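So the structure is just underneath, and the comments pick up after that.
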Amino acid sequence: MDPTTDNAARTGDADTARASLEALRAEIAKAVVGQDPAVTGLVVALLCRGHVLLEGVPGVAKTLLVRALASALELDTKRVQFTPDLMPSDVTGSLVYDTRTAEFSFQAGPVFTNLLLADEINRTPPKTQSSLLEAMEERQVTVDGKPRPLPEPFLVAATQNPVEYEGTYPLPEAQLDRFLLKLTIPLPSRQDEIDVLTRHASGFNPRDLHAAGVRPVAGPADLEAARASVAATAVSPEITAYVVDICRATRESPSLTLGVSPRGATALLATARAWAWLTGRDYVIPDDVKALALPTLRHRIQLRPEAEMEGVTADSVINAILSHVPVPR
């Protein structure tokens with residue numbers, strides 16, 4: 001195949017993958033009402049091989065959202081309810097003694113899946129929380145000194161409740177930094193809530209996505225083609241400098257005790273590239289960086305106690321920085 005034909009084939013694969021991933025919104029909307037930003041964030045995370053922290057009050061369809069995404073992408077999904085007595089081996093798996101063979105065999109835990117829903121991750125002690133670190137960073141689990149690779153693609157979608165902190169173990173900064181995005185799941189609008197109740201009155205069962213009409217519209221092959229296209233999305237030196245300037249500004253903010261690390265800057269560049277590709281461009285513009293700044297950076301900064309008492313939020317600090325950092329022309 002000559003280079004011209006090869007480039008045309010790659011372009012066709014990328015266009016097909018983009019169309020398939022765009023169809024996810026419509027497919028997931030059959031089960032989840034009015035959560036387009038969260039759907040987009042999960043797709044961006046898959047494109048960047050990252051993980052997502054979902055924050056919202058109980059009952060806003062966080063679990064249903066992840067299950068619907070897995071169904072629409074034809075991926076395996078498992079759910080772990082994190083509780084104070086959950087052990088690391090309950091997540092990763094363990095060696096089990098087989099009396100018939102008199103040998104130990106590995107029994108895989110729920111982490112061996114494509115989409116792992118870690119429900120209420122802040123309800124389990126740090127020892128169990130940390131059992132996910134190797135899986136999230138290295139995409140493998142080491143048991144008895146032997147590394148065991150996880151399936152590909154692999155994404156952890158962890159949820160936490162923002163209003164009930166009694167009996168919880170807040171995630172340490174080092175672990176928060178491992179999440180590519182922190183997505184806030186808001187309460188639905190009045191019309192969206194009416195639509196939800198209308199669906200339930202018509203017999204909608206959130207536990208039966210097949211009956212709701214959710215069908216696979218994309219798959220691992222589409223994700224691989226999309227990831228290759230995202231990796232080829234052009235980033236100018238001016239955009240790179242813009243990302244760096246935003247992240248450095250967080251380290252100098254008087255409202256913060258902790259700013260964004262270089263890992264956070266790398267994450268912002270990656271998510272901006274994925275967003276640029278999803279919107280149909282093969283190059284990144286400043287608006288792509290601004291669009292992903294909040295979900296990519298809000299969990300990577302730490303407010304001063306006095307700033308919190310004055311009503312300052314992570315989002316307001318980032319928005320203020322975005323309004324002051326010069327935008328490249």
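The values are calculated or read from the model by the stated rules, or taken from the named source; none is laboratory data. Not measured: the values here are computed from a predicted model. As a convention, Cβ positions derive from the backbone with ideal geometry for all residues, glycine included, and neighbour counts pool all protein chains shown. The area values use the complete protein model at the heavy-atom level, side chains included, leaving out ligands, DNA and RNA. Shrake-Rupley method; radii C 1.70, N 1.55, O 1.52, S 1.80 Å.
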How many percent of all Cα-Cα pairs in segment 83-230 sit more than 24 Å apart?
52 percent
Helix-derived [θ] at 222 nm for the chain: sum -39500 (n - 2.57) over DSSP H runs of at least 4, divide by residue count, nearest 500?
-14500 deg cm²/dmol
May I ask you to give the solvent-accessible area per residue for the chain, in square angstrom, as obtained with a 1.4 angstrom probe?
49 Å²
Express in whole angstrom the spacing between the alpha-carbon centres of segment 53-118 and segment 277-318.
30 Å
Work the Kirkwood hydrodynamic radius out for segment 8-88: mean of 1/r over every pair of different alpha-carbon atoms, inverted, in Å.
14.3 Å
Rg and Dmax of the chain, Cα atoms only, in Å
20.9, 71
Sequence of S229, S202 from largest to smallest accessible area, 1.4 Å probe
S202, S229
Rounded to the nearest percent, how much of the accessible area of the chain (1.4 Å probe, protein heavy atoms only) is carbon and sulfur?
54 percent
If one puts a single equal scatterer on every Cα of segment 262-304 and applies the Debye formula without solvent, what log₁₀ I(q)/I(0) results at q = 0.14, 0.20, 0.31 Å⁻¹?
-0.31, -0.57, -1.07
Build a GNM of the chain with springs between Cα atoms under 10 Å: which of P216, P172, P125 gets the top mean-square fluctuation?
P172
Hey, what do the phi angles of segment 22-38 turn into as Karplus ³J(HN,Hα) couplings, whole Hz, using 6.51/-1.76/1.60 and θ = phi - 60°, x for Gly and Pro?
5, 5, 4, 4, 5, 6, 5, 4, 5, 10, 10, 9, x, 10, 4, x, 5
Distance in nm between L176 and L133 label points, each 7 Å along Cα→Cβ, equals 1.6 nm
Between R281 and R25, what is the label-to-label distance in nm when each label sits 7 Å out along the Cα-to-Cβ direction?
1.7 nm
Quick one: which residues, 5+ away or cross-chain, put their amide H under 5 Å from the amide H of V260? H built at 1.01 Å from N.
T250, R251
For segment 238-243, in residue order, the Karplus 3J(HN,Hα) values (coefficients 6.51, -1.76, 1.60; θ = phi - 60°; whole Hz; Gly and Pro = x) are 5, 5, 4, 5, 4, 4
With θ taken as phi - 60° and the coefficients 6.51, -1.76 and 1.60, list the Karplus ³J(HN,Hα) couplings across segment 135-143 in order, rounded to whole Hz; mark glycine and proline as x.
4, 6, 8, 9, 6, 7, 10, 9, 10
Charge dipole (debye, nearest 20) of the chain; +1 at Cβ of Lys and Arg, -1 at Cβ of Asp and Glu
40 debye
Please give the length that would be gained between T198 and E74 if that part of the chain were fully extended, namely 0.36 nm times their separation in residues minus their C-alpha to C-alpha distance (nm, one decimal).
41.9 nm
Among C247, L278, L258, pick out the residue whose Cα is farthest towards the positive end of the charge dipole of segment 227-317, where Lys and Arg carry +1 and Asp and Glu carry -1 on C-beta, about the Cα centre.
L278
Near the amide H of R304, under 5 Å away, which other amide H atoms are found, from residues 5 or more places off or on another chain, if H is placed in the peptide plane?
L256, T257
Within straight-line cross-link reach of K146, aspartates and glutamates at Cα separation under 15 Å, skipping those fewer than 8 residues along the same chain
E134, E138
List the lysines whose Cα lies under 23 Å from the Cα of K30, skipping any in the same chain that are fewer than 8 positions away.
K62, K78
Could you list log10 I(q)/I(0) for segment 71-149 at q = 0.19 Å⁻¹, which the Debye formula gives when each Cα is one point scatterer?
-0.85
GluC sites (Glu not before Pro) within segment 183-259: which are DSSP loop residues with at most 10 other Cβ atoms inside 10 Å?
E252
Scattering profile of segment 1-137 from the Debye formula, Cα beads only, expressed as log10 I(q)/I(0) at q = 0.16, 0.18, 0.19, 0.21 Å⁻¹, is -0.92, -1.06, -1.13, -1.28
Probe 1.4 Å - accessible area at K30, Å² to nearest ten
80 Å²
G93 long-range amide H proximity, modeled H, under 5 Å
G109
Most fluctuating residue of I194, I301, I318 in a GNM of the chain with Cα springs under 10 Å: which is it?
I194
Largest first and to the nearest Å, give the Cα extent of segment 187-280 along each principal axis.
53, 39, 20
Hey, which lysines would be in cross-link range of K290, C-alpha to C-alpha under 18 Å, not counting anything within fewer than 8 residues on its own chain?
K182
